[in-house]
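So the structure is just underneath, and the comments pick up after that.
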Amino acid sequence: MRASWSSLPACQRNERSARDYSAAGFSSPSLTATAAAFFGTATPNTTNRGMVINALIAKAIGTNVDITVASAANNELNALLTRIPTLSSTATVSQATKAACTAVLASAAVTLQ
């Protein structure tokens, strides 16, 4: 029997998260890198941003949605990943990704669809 996510101890949830990050193309060192270095600031790293943004939109909002919903989510997540390093220069990739995930899960697109 498979344990539900919420019933797992925090250490196992973090371990599973690390595996999920690796499956998405993240490597362990990149999770602890600064968000500014990984996502870029003045010159955005569109490849790294795309890995996070596209996965969040596909998994949280879905792929069979109105294109304007996906586009709006993409724009807002991109703006958030640009803003995070200005709020905390020490913010890590993991922290910025969690913030982006929280933003998607709390969005109207997820709540209303």
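Numbers for the structure displayed
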{"item": "Breaking point among (1) in contact (Cβ under 8 Å) with a residue 60 or more places away in the chain; (2) on the phi > 0 side of the Ramachandran plot, for residue 62", "result": "(1)"}
{"item": "Residues of region 89-113 classified as without any contact (Cβ under 8 Å) to a residue 40 or more places away in the chain and either assigned to a loop (DSSP other than H, G, I, E, B) or under 13 Å from the mean Cα position of the chain (by Cα) (or both), total", "result": "5"}
{"item": "Looking only at region 22-46, and only at residues there that are of a type in the set (A, V, I, L, M, F, W, C) and outside any loop (DSSP other than H, G, I, E, B), the one that is modelled with the lowest pLDDT", "result": "23"}
{"item": "Evaluation of residue 72 against (1) over 20 Å from residue 37 (Cβ atoms); (2) not in a helix (DSSP H, G or I) (one fails), failing number", "result": "(2)"}
{"item": "Pick from region 29-62, criterion more than 30 Å from residue 112 (Cβ to Cβ) and touching a strand residue (DSSP E or B) at 6+ places or on another chain (Cβ under 9 Å), ranking: surrounded by the fewest Cβ atoms within 10 Å (Cβ to Cβ)", "result": "32"}
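The values are calculated or read from the model by the stated rules, or taken from the named source; none is laboratory data. Note that this is a predicted model, so its numbers are computed, not measured. With ideal geometry, Cβ positions are generated from the backbone for all residues, glycine too; neighbour counts draw on all protein chains shown.
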